[in-house]
Amino acid sequence: MTTTVPINVTDHNIADALRRLLRALFESGQIQALLAPTLGHDRTTIMPALIHDPEQIDRVMAISPAFAVNSAKLAARLTRKSPGIRLAAVLRPCELRAFIELAKLKQACREDIIVISIDCPGAYSNRIWAEKTAQTDAVSLTEHFIDQALAGHDDPDLSTACRICIEPVAEQADIRINLFAQNAANQIPAISQTPAGQQALDAIPPADAADCHLSGNFESELIARRQAERDRTLQATGKAVDHPHQLAAYLNRCVNCYNCRVACPVCYCRECVFVTDVFDYEPAQYINRATRRGAVRMPTDTLFYHLTRLTHIGLSCVGCGQCANACPNDIPLAELFIMTAETAQNEFDYRAGRRLDEALPLSVFNKDEFTDVVGMQDPEVNP
Amino acid sequence: MSIFEPTLIAFVCNWCTYTAADLAGTARLIYPQNIRLVRVMCTGMVDPQYILKALLEGADGILVSGCHPGDCHYINGNYKARRRIKLLKAILPQFGFAPQRLRLTWIGASDGITFAETIKQMTEQIRALGPNEADLKMVI
């Protein structure tokens, strides 16, 4: 059984319609605290906030093309131990997928949080968002953005990760806000997808009854356009990095700031090996390396760092693109990671964040699998 | 023209392949000197990082070798290693590393002869393949 609650939209103000739903959830006692994107006092920036006072919902921007951070890590901080409160979070589909990966890693608890996820039209990079909000205020920019998205116009300014995202809908959310429904500009269905979500929606007073038109062709057409863009992009990326020299050139602007690692929601180590003593070289070690190779790039270990991250988190990468968003030198990291993640996840028939009960590939094994990687023969090379 | 002498790095588990290497030594078996053994307690502790580091520092081939399935001293470390090798063999070719540079074998403690044969075979394979794509001329 699912419960569907229609949310009426007036004057194209979807943000306000969603605020009414959130307020109703607070008033019914179904949620007592909410993690949601919130407009800053500067009226320009949108950052997640943990809201306890329902009056603060006035500032919530549940949907907008601002995506400053991936909130999965923040939601994980709130559920690392039981929060002892009815907690909800508004998460993008990619944020929820990352959260599910963290839950599998025992760094978060999925049961402790009600996840509300809105069908996602995508987002701008922080840089583009800042440029655009210098011209227009955040609220009208968001309204315009959603109008365009719902009219089926693909925004060329979306971040690369969003332009090639083929999972814009969160089937795993407790409550899905079906923005891609046929008549969403006037009425958005809020659909429960889990018992927890159903309990929450059942508790709020029913809105004016109306027919809800669930997702029509909009969703499948959007995904098809994104898939085509994805194929083009990943093919180009594959060609750009098909040799170690090429990969090194691709990453050569890297200054080892490790922002991509900090921004990555699924880079799960509590302490990264790259900031430990292991990489705290003696001067003589630099000189030795330079002597052996003729020259050594400074700062060192850039390629090593990125390859390590690709192998460590490739299986959990949800393709949110925050690595690229965080890069101060505009290295196109999103497509590199998305390409590698797709390859890696295909090998194990795994999709990061698809299901909570799907084990992380490196946490389990079967006795009789993958015998093709054992031994001195490569089927494709030595017949 | 001089013959290309590849550099091979082998991560061998203490309980099986390292012991096999010992046996090969005491039995005075001859195998190429291209291999450098790194003894680890279990192939299950070989982080992909170790392999990447070896490749980027110019190793032409990397062998990970441990106990036969069912024989792991730590019960299942070799199965975990196999999944990591599977992952690396999927990822590395995207960046132009030949998949033959990375090998996983099971060599039991009594398999001194197999150890020597494996090293011979791998040396010849890598010699035929040529130097690592991430050669030392690369400024990284």
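The values are calculated or read from the model by the stated rules, or taken from the named source; none is laboratory data. All figures in this text were calculated on a predicted structure; none of them were measured in a lab. Quick reminder, even Gly has a Cβ in these numbers, built from the backbone with ideal geometry, and neighbours come from all protein chains shown. Note: accessible area is taken over every heavy atom of the protein model, side chains too, but ligands, DNA and RNA are not part of it. Shrake-Rupley method; radii C 1.70, N 1.55, O 1.52, S 1.80 Å.
For chain A, DSSP calls about 65 percent of its internal beta bridges antiparallel. Taking every alpha-carbon pair under 8 Å whose residues sit at least 6 apart, chain A reaches a relative contact order of 18 percent. Counting only other chain Cβ atoms within 10 Å of each residue's Cβ, the peptide A:300-311 averages 5.
In this structure A:C269 has an accessible area near 80 Å², from a 1.4 Å probe over the protein heavy atoms.
What is the percent carbon and sulfur in the accessible area of region A:1-133, measuring with a 1.4 Å probe over the protein chains and ignoring ligands?
Working: 2760 of 5400 Å².
Ligands and nucleic acids excluded, carbon and sulfur reach 51 percent.
Fraction of C-alpha pairs exceeding 16 angstrom in region A:231-330: 65 percent, rounded to a whole number.
Peptide A:23-30 is shielded by partner chain Cβ atoms: per residue, an average of 0 of them sit within 10 Å of its Cβ. The spacing between region A:250-298 and region B:66-140, judged by their C-alpha centroids, is 25 Å.
Simple spin-label estimate for A:L105 and A:D368 gives 3.4 nm between the two label positions (7 Å along the Cα-to-Cβ direction from each Cα). May I ask for the accessible area buried between chains A and B, both sides summed, probe 1.4 Å, to the nearest 100 Å²? Buried area between the two chains comes out at roughly 4500 Å².
The packing ranking of peptides A:70-81, B:81-92, highest mean first, is B:81-92, A:70-81, where packing means the average number of other beta carbon atoms within 10 angstrom of each residue. Could you give the distance between the Cα centres of region A:111-128 and region A:59-81, to the whole Å? Comparing the Cα centres of region A:111-128 and region A:59-81, I get a distance of 8 Å.
Averaged over its residues, the protein assembly as shown has an accessible area of 44 Å² per residue, based on protein heavy atoms and a 1.4 Å probe. The share of accessible area on region A:235-363 that comes from carbon and sulfur is 52 percent, using a 1.4 angstrom probe. Each stretch of four or more DSSP H residues adds -39500 (n - 2.57); spread over every residue of chain A, this sum gives -11500 deg cm²/dmol at 222 nm.
Taken about its Cα centre, region A:235-363 carries a charge dipole of roughly 280 debye when the Cβ of each Lys and Arg holds +1 and the Cβ of each Asp and Glu holds -1. Please report the antiparallel percentage of the DSSP beta bridges confined to region A:4-221, to the nearest 5. So the antiparallel bridges in region A:4-221 amount to around 65 percent.
Shielding by partners for A:337-350, please: the mean number of other protein chain Cβ atoms within 10 Å of each residue's Cβ. Provide the component values of the computation, followed by the final result.
Details: counts 0, 0, 1, 4, 1, 0, 5, 6, 1, 1, 6, 4, 0, 0.
Averaged over the peptide's residues, the number is 2.
Here, chain A is characterised by an Rg to Rh ratio of 1.00, where Rg is the alpha-carbon radius of gyration and Rh the Kirkwood radius. Using the Cβ-Cβ distance between A:S220 and A:Q199 with R0 = 25 Å, the FRET efficiency computed as 1/(1 + (r/R0)^6) comes to roughly 0.25. Check cross-link reach from B:K89 to the lysines: straight Cα distance under 29 Å, and skip same-chain residues fewer than eight apart. Here the lysines satisfying the reach criterion relative to B:K89 are A:K104, A:K106, A:K239, A:K367, B:K53, B:K80, B:K120, B:K137.
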